Amino acid sequence: MLTFDFDDPLATDHKLVGGKGYGLAMMTRAGIPVSPGFTVLTRTYRDYLVSTGLKHRLESALGLVDRASIDALDELARTIHAWFLDTPLPPRAHEALASAYDRLCASVGVSDVSVAVRSSATAEDSAGASFAGEYETFVGLRGMAQVELHLRLCWASAFTARALSYAWKNGIEPLDVDMAVVVQKTVNARAAGVMFTVSPLTGDRSRIQIEASYGLGLGVVGGDVTPDRYVIAKIEGCVIDRVIGDKHIEYVGGQVATPVDAERRARLCLSDDEVMTLAQLGKRLERLNGGPQDIEFAIDSDLPADRNVVLLQCRPVTVLPAKEGTKTGSVDALSRMASTVLAAARGAVSATPSCTSDRAGVGR
């Protein structure tokens, strides 16, 4: 087997499906709503490197590069990108990918269904290290040709200058990282974002924090917007804080930014019902995985209001802030969104939280 659907009994083998694939399979097994899809296994990546001769070329190039030179790493990354771009899949892997994509199209009743193609490395989203944001995700792709091309570009993203530096800094050889790839139906996202089942600012485990903006979640995880912020009290089961962000752009249907009009920018992008549905799912995943979770989600416009919350990814929070009264620690798990969270925090007025608090002045 070179691919596993999310509901395959073997799809929770982390060594085969990587961090994202594992999280999506675990959520599927638990009955938690995710956008349907499949994972191209790490063995497919390994077979590709060996059968095409890329493994030998990569070993030679990585062994010769000056790791301390940014220019040398940039040049090497461009060369490697071209190798993956010009080297198609072997016939067996191509057939396995085409079969899995056809199954996905049939399951949702759409030919050439639009998908996201997302890296799922074995070193990514683990409890001991966070490669979040180091590897590529592509959205809004249709047809087998686009899926195959961007599968290879996800593999190539293990060898960008930034990914190489990050791996070596953490004592990891880039070729030791096994790279799976998730192929998942693109969500028609009215809004999307990130949820932490622990406060990313204080480490308070009795709080859930949600960051959300209009459209796909690229604006939130990429730091392009200041998203809306919601804080939920786990025990009391209510929203205790809402802060409207500067949601000046949105990504709809692809990776092109579209301006958001002033009237929508001034409104919260999630209802309290949606926020509480997310919080309940977050608590379930925290119990299931035995610790605080970092969860990506979307509100799917194609689904009815009572079923429109879809989870896209679940990973453990790798590093928490220092406890109150001590020197603030590294918040490595927040590298994708720290600037937007802190910007929202600076703009909020300090107050004692209550279940009727609404700093944005907008009840939902």
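Quick notes on this one:
- SER111 meets each of the listed conditions (1) modelled with pLDDT of 95 or more; (2) out of contact with any Pro (no Cβ under 6 Å at 6 or more places or on another chain); (3) surrounded by fewer than 17 Cβ atoms within 10 Å (Cβ to Cβ); (4) hydroxyl-bearing (Ser, Thr, Tyr) apart from (1).
- Any chance ARG229 is touching a residue at least 40 places away in the same chain (Cβ under 8 Å) and of a type outside the set (Phe, Trp, Tyr): yes
- All positions within the range 283-321 that are farther than 15 Å from VAL198 by Cα, of a type in the set (S, T, N, Q) and either open to solvent by 50 Å² or more (accessible area, probe 1.4 Å) or assigned to a strand (DSSP E or B) (or both): SER301, GLN313
- Under the condition of being in a strand (DSSP E or B) and under 19 Å from LYS247 (Cβ atoms), the residues counted in the range 197-217 number 7.
- Check on ASN188, surrounded by fewer than 22 Cβ atoms within 10 Å (Cβ to Cβ) and within 20 Å of LEU311 (Cβ to Cβ): yes
- Enumeration of residues in the range 41-75 that are part of a helix (DSSP H, G or I) and in contact with a Leu (Cβ under 8 Å, 6 or more places away or on another chain): THR42, ARG43, THR44, ASP47, TYR48, LEU49, LYS55, LEU58, GLU59, ALA61, LEU62, LEU73
- One residue stands out among those in the range 221-250 that are assigned to a loop (DSSP other than H, G, I, E, B) and within 14 Å of VAL275 (Cβ to Cβ): the one that is farthest from the chain's Cα centre (by Cα), which is GLU236.
- Within the range 261-282, the set of residues being crowded, with 21+ Cβ neighbours inside 10 Å and closer than 19 Å to GLY223 by Cα comprises LEU268, CYS269, LEU270.
- Options ARG67, ARG57; residue that is touching a residue at least 40 places away in the same chain (Cβ under 8 Å), open to solvent by 20 Å² or more (accessible area, probe 1.4 Å) and at negative phi: ARG67
- Only one entry of LEU175, LEU149 meets the criterion of being open to solvent by 20 Å² or more (accessible area, probe 1.4 Å) and touching a Lys or Arg at 6+ places or on another chain (Cβ under 8 Å), and that entry is LEU175.
Rundown of residues vs (1) open to solvent by 60 Å² or more (accessible area, probe 1.4 Å); (2) closer than 26 Å to SER199 by Cα; (3) in contact with a Lys or Arg (Cβ under 9 Å, 6 or more places away or on another chain), yes/no style:
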| position | (1), (2), (3) |
| --- | --- |
| GLY237 | no, yes, no |
| ILE244 | no, yes, yes |
| TYR251 | no, no, no |
| VAL256 | yes, no, no |
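- Condition check for ALA167: more than 30 Å from LEU89 (Cβ to Cβ), small (Gly, Ala, Ser) and open to solvent by less than 30 Å² (accessible area, probe 1.4 Å): no
The values are calculated or read from the model by the stated rules, or taken from the named source; none is laboratory data. What you see is a predicted model; the values in this text were computed from it and never measured. Here Cβ is always computed from backbone atoms with ideal geometry, including for glycine, and neighbour counts include all displayed protein chains. These accessible areas exclude ligands, DNA and RNA; they are computed on the full protein's heavy atoms, side chains included. Shrake-Rupley method; radii C 1.70, N 1.55, O 1.52, S 1.80 Å.
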